[in-house]
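Take a look at the structure below.
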Amino acid sequence: MRSLLVVAGLLFSASAFAQTPSVQERLNAIADDPVALRQAVDAGKQVTFFCTNCHGENGVSVIPEVPNLAGQNPAYLLEQIRKFGSGERKNTFMQGLIKVLKDEERLQTAHYYASMPVPPSPANPALVARGKVLFTKLCVRCHGERAHGGELYPRLAGQQIPYLQVSIQRYRDGTGIRNDKLMAIATSTLKNDDITAIAHYLTQLP
Ligand code: HEC
Ligand code: HEC
């Protein structure tokens, strides 16, 4: 009898596990369902009304040190929200703010911003040419030919120059504000001038 109960308990917990998809799986399920996606995007617009103060109307930032969220990969956005929440990524304001977002609101936020267009910004043509060479050599294999990123990698095309510069330098310098081994290796040989050139190249990409 006792062993039967154990077996039943194991079966129950196994099925409960199978029925509780991760937040990431739910993000993908919503993306595959046009009606659910529409609803998530609409709800996300409401959830993010406060975010517009810094990330701009529809996720196109008006403050150069604040990243655009428009056009960003939804899986990446969700992962960064998680990292702020857990303290793996440090920014006092964002860490405090993100804690109030429930799982459902995080999914809606990610889908909302991902669905918005991000316009390219002007850049210095000489720096663009130099940045393109560096980006092609060191960054394309993860961030993609057009810097649109993918499931695991952020979009960089159309991002703001100052934000790109600061972010890339932080990975290179291992400041602890934001750590990523892959990014630390990829950026280890870059001088500040190289980083500026790459930022000019990326900001003008559509
Ligand atoms: C007071 C200004 C401010 C407000 C309001 C704000 N943010 Fe941010 N956010 C920032 C700054 C600054 C960064 C970049 C931090 C860094 O340098 O790492 C950031 C980064 C992010 C990132 C990471 C983007 C990337 O490309 O890695 C996400 C996602 C994000 N914010 C979501 C939100 C959401 C959702 C809200 C509203 C609930 C919000 N933010 C409100 C200032 C703000
Ligand atoms: C081996 C894969 C890989 C390579 C190569 C790579 N990256 Fe990344 N990059 C990543 C990953 C993964 C992240 C997200 C890390 C995190 O969560 O902080 C990232 C994040 C970034 C970010 C932050 C974006 C944002 O919105 O905050 C920037 C900027 C960036 N990479 C630029 C570059 C540049 C420039 C190069 C080339 C010098 C490069 N990356 C090469 C994998 C890579």
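The values are calculated or read from the model by the stated rules, or taken from the named source; none is laboratory data. Note that the structure is a prediction, hence the values are computed from the model and not measured. Ideal geometry is used to build each Cβ from the backbone, glycine not excepted, and the neighbour counts take in all protein chains shown. With ligands, DNA and RNA removed, areas are computed over all heavy atoms of the protein, side chains included. Shrake-Rupley method; radii C 1.70, N 1.55, O 1.52, S 1.80 Å.
Quick notes on this structure:
- Across region 125-203, counting alpha-carbon atoms alone, Rg and Dmax equal 11.4, 33 Å.
- Within the accessible area of region 21-114 (1.4 Å probe), percent carbon and sulfur: 59 percent
- Spin-label pair Lys137/Leu182, simplified geometry with 7 Å Cα→Cβ offset, distance in nm: 2.2 nm
- Radius of gyration (Cα atoms) of region 21-114, expressed as a multiple of 2.2 N^0.38 Å: 1.02.
- Label sites at Phe50 and Thr92, each approximated as a point 7 angstrom past Cα along Cα to Cβ, lie 1.7 nm apart.
- Mean projection area, nm², convex hull over Cα of the chain: 14.3 nm²
- With every protein chain in place, region 125-203: carbon and sulfur % of accessible area (1.4 Å): 58 percent
- Exceedance of the 22 Å cut-off in Cα-Cα distance is limited, within the set Lys83/Lys181; Lys99/Lys181; Lys132/Lys191; Lys45/Lys181; Lys45/Lys99, to Lys99/Lys181; Lys45/Lys181.
- For a paramagnetic label modelled on Asn124 (point 7 Å from Cα along Cα→Cβ), amide N atoms under 15 Å away belong, within region 153-176, to 161-162, 165.
- Candidates Gln160, Gln169, Gln72: whichever shows maximal mean-square fluctuation once the chain is modelled as a Gaussian network with Cα springs under 10 Å: Gln169
- Axis angle, to the nearest 10 degrees, between helix 34-47 and the longest C-alpha principal axis of the chain: 70 degrees.
- Linear extension gain, Asp103 paired with Thr20, 0.36 nm per residue minus alpha-carbon span: 28.6 nm
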